[in-house]
Amino acid sequence: MVEEDVAVPPPRSWDRPAVTVPVFAALAAVGGQFPGFTHQANLFILAVGGVFVWAGLAGWVRQPARPPVRWRAPAAWWWLLPVAVFGVLESATFLLGSSDDYPTFSRLADPLLEREVVRSVGYFSWLTAFWGLVRR
Amino acid sequence: MAIGGFVLAMGLFVAVEWAARREGSRIPTIGDVCGAVMRAEVARVPVGRIVLLVFWWWIGWHFLAR
């Protein structure tokens, strides 16, 4: 792999788990209060996601390039297996109308995500993974 | 059947990630794959980075707000 020439900002004092985890937990607790299909939920996702996308593209907290990767490109094709199984199922159930007999993944998740606690856990997971992408 | 299929897909995600984390494995972790995708550029535009960040934003909107 070729190392890219990317300007990496100096480390931010607040970019550490002791700061980010409580902030994400607070955001997740707030986000979990907003039921789906509401203006509040849409605005919250729009605002938080917008800041994260901006931070990711501006490189606010981008980390230095990692050591050369040890893996080989052909082995990466193994990831196509779960992606293909999921993609085929999701497409098929979507084309069949996402009924009770053939639900899409999001239809299966909806009853769980109606509970505030589960929604907050979902927000926390989403934010944590999002931050991981922003820092890459 | 659909539920079983989705459980199988989730199991496969976990299995491949587990295989990738074994000592000496040549399979990349999901983080490695995301990192490789995010380095993709077209005419110096970080297309991979844009696509992955916007995709993850959409995932949050689709499951949590929609």
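The values are calculated or read from the model by the stated rules, or taken from the named source; none is laboratory data. Model, not experiment: these values are computed from the prediction. We place every Cβ from the backbone using ideal geometry, glycine too, and count neighbours over all the protein chains shown. Surface accessibility is based on the protein's heavy atoms, side chains included, excluding ligands, DNA and RNA. Shrake-Rupley method; radii C 1.70, N 1.55, O 1.52, S 1.80 Å.
A few remarks follow.
- Dipole-positive endmost among B:38, A:88, A:49 within the protein assembly as shown (Cβ charges, Cα centre): B:38
- In the stretch B:1-18, the residues that give up 40 Å² or more of accessible area when the other protein chains are added, compared with the chain on its own (1.4 Å probe), are B:2, B:6, B:12, B:13, B:16.
- Cβ-derived FRET efficiency at R0 22 Å, residue A:80 paired with residue B:23, nearest 0.05: 0.40
- Rounded, prolate or oblate (a/c below 1.5 giving rounded, otherwise prolate when a/b exceeds b/c) for the protein assembly as shown by Cα gyration tensor: oblate
- Charge dipole of the protein assembly as shown about the Cα centre (unit charges at C-beta), most positive-ward option of A:30, A:123, A:10: A:10
- Of the DSSP H helices in chain A, those whose Cα atoms cover at least 27 Å axially and whose Kyte score averages 1.0 or more: A:39-58
- Contact residues in the stretch B:29-54 by the 40 Å² criterion (accessible area, 1.4 Å probe, full protein complex versus chain alone): B:32, B:38, B:39, B:49, B:53.
- Cβ charges +1 (Lys, Arg) and -1 (Asp, Glu), total dipole of the protein assembly as shown, debye: 600 debye
- Apportionment of accessible area to carbon and sulfur, chain B, percent (1.4 Å): 73 percent
- Alpha-carbon geometry of the stretch B:2-65: the Rg and the Dmax are 15.0, 43 Å, given in that order.
- Remark: mean inter-chain Cβ contacts per residue of A:43-56 equal 4, using a 10 Å Cβ-Cβ cutoff to other protein chain atoms.
- Mean Kyte hydropathy of 1.0 or more with a Cα span along the axis of at least 24 Å, helices from DSSP in chain B: B:2-20
- Per-pair calculated FRET efficiency, R0 = 41 Å: residue A:101 and residue B:44 via Cβ, rounded to 0.05: 0.25
- Local net charge near residue A:83, Cβ-Cβ under 14 Å (Lys/Arg +1, Asp/Glu -1): -2
- Charge dipole of the stretch B:2-65 about the Cα centre (unit charges at C-beta), most positive-ward option of B:6, B:51, B:64: B:51
- Linear extension gain, residue A:43 paired with residue A:16, 0.36 nm per residue minus alpha-carbon span: 7.0 nm
- Solvent-accessible heavy-atom area per residue, rounded to whole Å², over the protein assembly as shown at 1.4 Å: 61 Å²
- Cα centre as origin, Lys/Arg/Asp/Glu Cβ charges: the stretch B:2-65 dipole, Debye: 140 debye
- Chain A packed on chain B takes about 4200 Å² of accessible surface away from a 1.4 Å probe, both sides summed.
- Percent carbon-and-sulfur accessible area, chain A, ignoring ligands, DNA and RNA, probe 1.4 Å: 69 percent
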